[in-house]
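*Asks:* Got a structure for you, questions after.
The values are calculated or read from the model by the stated rules, or taken from the named source; none is laboratory data. As the structure is a computational prediction, the values presented were derived from the model and not from experiment. As a convention, Cβ positions derive from the backbone with ideal geometry for all residues, glycine included, and neighbour counts pool all protein chains shown.
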Amino acid sequence: MALHYIRQGSGPTLLLVHGIGGSWRSWNSVLHALAAEHDVIAVDLPGHGASPPLAGEHTIATLADALTDFLTEHNLLGIDAVGSSMGARLVLELARRGGVLGAVVSLDPGGFWAGWEVPFFYHSVAVSQKLVAALQPIMPALMNSPVGRTALLPQFSARPWALDAAQAQDEMYTMGHTPVFEELLEALAHGEQQQPAPAGSITAPLVIGWGRQDRVCLPGQAERALAKFPDARLYWFSNCGHFPQWDQPAEAARLILATLRRQPFRDQAIAQAAEKPTRPRAVPTPGVVLATLALAAIGGWLLVRRPKQTGRAS
């Protein structure tokens, strides 16, 4: 599989795998810190960023196969890896298969929901993606405003007002322009469940990191992830939503580097210098509510005005 990727740094090779609707740019906030110690390869998954879609269906299994093919073609089998969201589930799946990856850090993996959490995940993310797609004409202005980020990104970030504007704009662009988003969202929510890895089957370091304020993969799902991956160590990020590399980038980098060094570490040592919620003056709640309603209205209007698809003449 010809996946687009970027490569930076030197040292042991490290694979970075983004989430649904993302790209290699999803790692910009931690890329420099990781490349200081590693030869970092950040890929665009099939149908994301500059990588073409697969010829067939897009599921967790087919994406995992594509990543395995990529590593095989580049003689990289056995390298360490970090994944985020859907990418976090992908690296867990590759770790379960054995012989594909070395040490693994999985940040807020999807796929461990149950019951009412399934429709909550599916419909909330589907609505968010449709709104993001509809608002693309005004997205740069929204992402350059703390109020705009706060109104549009509270499901994904514990501190959306404090996010880097350029990073947020990159994410919203790829989320609105990923042609396989709906197919993968359906596969994540209603497709094959993640198979377990029996205790003792994964011998390389395996750490699952979870944001305590994750509103996509709810924190209670961490217990189910550990039940399926009993060899994993769980790490909690405070003041953090679904993407630790967004809300706590320095802490996320410390956790990743500590895991890859294959030396014992204490959670307190990773968290002790964690970023405090340093933020501009809090965005007033009424302003956020009004901004959210306005965005929903504008998004609905743009969707209505969107021209209907017409078939091409044969």
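*Asks:* Quick one: Ala273 ticks every box in (1) part of a loop (DSSP other than H, G, I, E, B); (2) surrounded by 11 or more Cβ atoms within 10 Å (Cβ to Cβ); (3) at pLDDT 50 or above; (4) among the hydrophobic types (A, V, I, L, M, F, W, C) except a single one, so which number is it?
*Replies:* (2)
*Asks:* I've got another one for you. Does segment 1-44 hold any residues that are at pLDDT 95 or above, in contact with an Asp or Glu (Cβ under 6 Å, 6 or more places away or on another chain) and either in a strand (DSSP E or B) or surrounded by fewer than 21 Cβ atoms within 10 Å (Cβ to Cβ) (or both), and which are they?
*Replies:* Correct list: His4, Gly9, Ser10, Gly11, Thr13, Leu14, Arg25.
*Asks:* May I pose another question? So if I check each of Val216, Val207, which one is within 23 Å of Val127 (Cα to Cα), crowded, with 16+ Cβ neighbours inside 10 Å and of a type in the set (Val, Ile, Thr)? Full working, then the answer.
*Replies:* Details: Val207 fails: within 23 Å of Val127 (Cα to Cα).
The match here is Val216.
*Asks:* Let me ask something else about it. If you take the residues in segment 228-253 that are surrounded by 20 or more Cβ atoms within 10 Å (Cβ to Cβ) and charged (D, E, K, R), which one is nearest to Thr203 (Cα to Cα)? Full working, then the answer.
*Replies:* Here is the first cut: in segment 228-253, the ones surrounded by 20 or more Cβ atoms within 10 Å (Cβ to Cβ) are 229, 232, 235, 237, 240-249, 251-253.
If we keep only those that are charged (D, E, K, R) as well, we get 247, 251.
Working: Asp247: 30, Glu251: 25 Å.
Per the stated criteria, the residue is Glu251.
*Asks:* Right, next: Check Val91, Val100 and return the single one that is under 29 Å from Pro249 (Cα atoms) and out of contact with any Gly (no Cβ under 6 Å at 6 or more places or on another chain).
*Replies:* Details: Val91 fails: out of contact with any Gly (no Cβ under 6 Å at 6 or more places or on another chain).
Going through Val91, Val100 in turn, the sole match is Val100.
*Asks:* Of everything in segment 48-75, what is out of contact with any helix residue (DSSP H, G or I) (no Cβ under 8 Å at 6 or more places or on another chain) and at positive phi? Give them in sequence order.
*Replies:* Answer for segment 48-75, where residues must be out of contact with any helix residue (DSSP H, G or I) (no Cβ under 8 Å at 6 or more places or on another chain) and at positive phi: just Asn75.
*Asks:* Exactly one condition in (1) in a loop (DSSP other than H, G, I, E, B); (2) touching a helix residue (DSSP H, G or I) at 6+ places or on another chain (Cβ under 9 Å) is not met by Gly83; state its number.
*Replies:* Every condition holds for Gly83 apart from (1).
*Asks:* Follow-up question, since we're still on this one. Within segment 169-185, track down each residue that is part of a helix (DSSP H, G or I) and in contact (Cβ under 8 Å) with a residue 40 or more places away in the chain.
*Replies:* Asp170, Glu171, Met172, Thr174, Met175, Gly176, Phe181, Glu182, Glu183, Leu184, Leu185 - these are the residues of segment 169-185 that are part of a helix (DSSP H, G or I) and in contact (Cβ under 8 Å) with a residue 40 or more places away in the chain.
*Asks:* Given the criteria aliphatic (A, V, I, L, M), modelled with pLDDT under 95 and either under 23 Å from Pro249 (Cβ atoms) or in a helix (DSSP H, G or I) (or both), does Ala126 qualify?
*Replies:* Working: aliphatic (A, V, I, L, M): yes; modelled with pLDDT under 95: no; either under 23 Å from Pro249 (Cβ atoms) or in a helix (DSSP H, G or I) (or both): yes.
Criteria not met by Ala126.
*Asks:* Please find, among Phe112, Phe121, the residue that is aromatic (Phe, Trp, Tyr), in a helix (DSSP H, G or I) and either over 19 Å from Arg7 (Cβ atoms) or touching a Leu at 6+ places or on another chain (Cβ under 9 Å) (or both).
*Replies:* Selected residue: Phe121, the only one of Phe112, Phe121 that is aromatic (Phe, Trp, Tyr), in a helix (DSSP H, G or I) and either over 19 Å from Arg7 (Cβ atoms) or touching a Leu at 6+ places or on another chain (Cβ under 9 Å) (or both).
*Asks:* Here is a further query. If Ile256 satisfies all but one of (1) buried (at least 23 other Cβ atoms within 10 Å of the Cβ); (2) over 17 Å from the mean Cα position of the chain (by Cα); (3) under 15 Å from Asp80 (Cβ atoms), what's the number of the condition it fails?
*Replies:* (2)
*Asks:* Now, a different point. Would you please list the contacts, defined by Cβ atoms under 7 Å and residues six or more apart or on different chains, that run from a residue in segment 11-36 that is at positive phi to a residue that is assigned to a strand (DSSP E or B)?
*Replies:* If the second residue must be assigned to a strand (DSSP E or B), the pairs left are Gly11/Asp39.
*Asks:* Are there any pairs, at least 6 apart or on different chains, whose C-beta atoms fall under 8 Å, with the first in segment 220-239 and in contact (Cβ under 8 Å) with a residue 60 or more places away in the chain and the second crowded, with 16+ Cβ neighbours inside 10 Å and β-branched (Val, Ile, Thr), and if so, which?
*Replies:* Ala222/Ile208; Ala225/Ile208; Phe229/Ile202; Phe229/Ile208; Ala232/Ile202; Ala232/Val207; Ala232/Ile208
*Asks:* For segment 226-251, what are the residues that are acidic (Asp, Glu) and either outside any helix (DSSP H, G or I) or farther than 14 Å from Leu107 by Cβ (or both)? Before you say what the answer is, go through the steps one by one.
*Replies:* Taking segment 226-251 and keeping what is acidic (Asp, Glu), we get 231, 247, 251.
Correct list: Asp231 only.
*Asks:* Identify, by number, the condition in (1) assigned to a loop (DSSP other than H, G, I, E, B); (2) of a type outside the set (S, T, N, Q); (3) touching a residue at least 24 places away in the same chain (Cβ under 8 Å) that Ala55 doesn't meet.
*Replies:* With (1) assigned to a loop (DSSP other than H, G, I, E, B); (2) of a type outside the set (S, T, N, Q); (3) touching a residue at least 24 places away in the same chain (Cβ under 8 Å) applied to Ala55, the lone miss is (3).
*Asks:* Scan segment 186-199 and tell me whether some residue there is touching a Cys at 6+ places or on another chain (Cβ under 6 Å), part of a loop (DSSP other than H, G, I, E, B) and of a type outside the set (Asp, Glu).
*Replies:* no
*Asks:* I would also like to ask the following. Here's a check for you: in segment 117-169, which residue that is within 18 Å of the chain's Cα centre (by Cα) and of a type in the set (S, T, N, Q) is nearest to Ile20 (Cα to Cα)?
*Replies:* Filtering segment 117-169 for residues that are within 18 Å of the chain's Cα centre (by Cα) and of a type in the set (S, T, N, Q), the one nearest to Ile20 (Cα to Cα) comes out as Gln129.
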